[in-house]
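K.L.:
Here it is, the structure in full.
Throughout, read-outs are computed from the coordinates displayed, never taken from laboratory work. Source: prediction; values computed, not measured. Here the Cβ positions follow ideal geometry from the backbone for every residue, glycine too, while neighbour counts run over all protein chains shown.
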Amino acid sequence: MSTVIDLNADLGEAESPQGRAWEREILSYVSSANLACGGHAGDTEIMAEMCALARARGVAIGAHPAYPDRANFGRVSKQLGIDISARDLTETLMSQIVTLSEIACDAGHPITYVKPHGALYNDTASQPALAHLICDIVKAIDPKLAVMGFPGGNMQDAAAQMGLRFIGEAFIDRAYLENGTLVPRSQDGAVLDDQTARLSQMKSLVFEGRVKSHNGKYIALSAQSLCLHGDSAGALDTAKAVRAFLDKNSVKVASVR
């Protein structure tokens, strides 16, 4: 049984006043915040506000860079070298991470890790070169930064080869394939909409180190951090319920250090 777990959320993505209010409140229940860096969402004003709030609430900050594709919220896969060149991707990811890093430093609360967003994150599972490129960028910016990704995947391998800390992550609100990756959002049931299902998946991950895949088979999945998507319907309710359950059951919620 895990006694310590990091609870992270993808934040800094909302543009509406209500969405931003929800994101600010979610910060009260998580231990780490993956902040959008402008590639798929977010802007410098939002980054600055969220960094200041994260510092005030003792929440670790991670950069959440993406393919430069705001129109599709960074959720369209790309083949490295075909849909986007290594040079162009390196330039945009460098810019995104450094922008947030500078804002976070100005707020007196530096970033501690990098977690790719959306399709960029998922594409590392099938593109080892992409995982290595991301880790190369992270190491060039600051070798003390950790990288977050699928446990046992290409990101973990690339991080190990480059001497970077790795944080294995699992998802509370997403359905899994039997190979340990996520069901594509284009398929029905990819996002767990029911709060009961989200809590059930969280309990399985924390206490059993496994998750039930979409075809009903359990797969082992040992994670240091659990994620909920700030833009998912009911995300705030999920954050409250998960944090209340973990606190009640003596599971310490803390960022990975």
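K.L.:
Identify, among 74, 127, 192, the residue whose Cα sits farthest towards the positive end of the charge dipole of the chain, taking +1 on the Cβ of Lys and Arg and -1 on the Cβ of Asp and Glu, with the dipole about the Cα centre.
P.N.:
The one lying farthest along the dipole's positive direction is 192.
K.L.:
I would also like to ask the following. At what distance in angstrom do the alpha carbon centres of region 178-257 and region 51-103 lie from each other?
P.N.:
23
K.L.:
Antiparallel versus total DSSP beta bridges in the chain: what percent is that, nearest 5?
P.N.:
Within the chain, antiparallel bridges account for around 15 percent of the total.
K.L.:
If I model a spin label at residue 200 and residue 215 as a point 7 Å from the Cα along the Cα→Cβ vector, what separation in nanometres do I get?
P.N.:
So the two model labels end up 2.0 nm from each other.
K.L.:
Once both labels are modelled 7 Å past Cα along the beta-carbon direction, what's the residue 94-residue 257 spacing in nm?
P.N.:
3.3
K.L.:
Could you work out which residue, out of 116, 151, 184, moves most in a Gaussian network model of the chain, that is, has the largest mean-square fluctuation with Cα springs under 10 Å?
P.N.:
Its mean-square fluctuation being the largest, the pick is 184.
K.L.:
When a/c is below 1.5 the answer is rounded, else prolate if a/b is larger than b/c, else oblate, so apply that to region 83-140 with a ≥ b ≥ c taken from the square roots of the Cα gyration tensor eigenvalues.
P.N.:
Because a/c hits 1.5 or more and a/b exceeds b/c, region 83-140 counts as prolate.
K.L.:
Taking the Cα centre of the chain as origin and charging only Cβ (+1 Lys, Arg; -1 Asp, Glu), how large is the dipole, in debye to the nearest 20?
P.N.:
840
K.L.:
Given only helices, namely DSSP H runs of n ≥ 4 each adding -39500 (n - 2.57), what is the per-residue ellipticity at 222 nm of the chain, to the nearest 500 deg cm²/dmol?
P.N.:
Roughly -11500 deg cm²/dmol at 222 nm, from the helical runs in the chain.
K.L.:
A further question on this structure: Sticking with the crude label model, points 7 Å out along Cα→Cβ, report the distance from residue 250 to residue 45 in nm, one decimal please.
P.N.:
4.8
K.L.:
Under 10 Å, Cα contacts only: if you run a Gaussian network model on the chain, which one of 156, 96, 79 comes out with the highest mean-square fluctuation?
P.N.:
Its mean-square fluctuation being the largest, the pick is 79.
K.L.:
Using R₀ = 25 Å, calculate the FRET efficiency as 1/(1 + (r/R₀)^6) where r is the Cβ-Cβ separation of residue 86 and residue 144; round to 0.05.
P.N.:
For residue 86 and residue 144, the calculated efficiency is 0.55.
K.L.:
So for the chain, averaging the separation of alpha carbon pairs under 8 Å that are six or more residues apart and normalising by length, what relative contact order in percent results?
P.N.:
It comes to 23 percent, rounded to a whole number.
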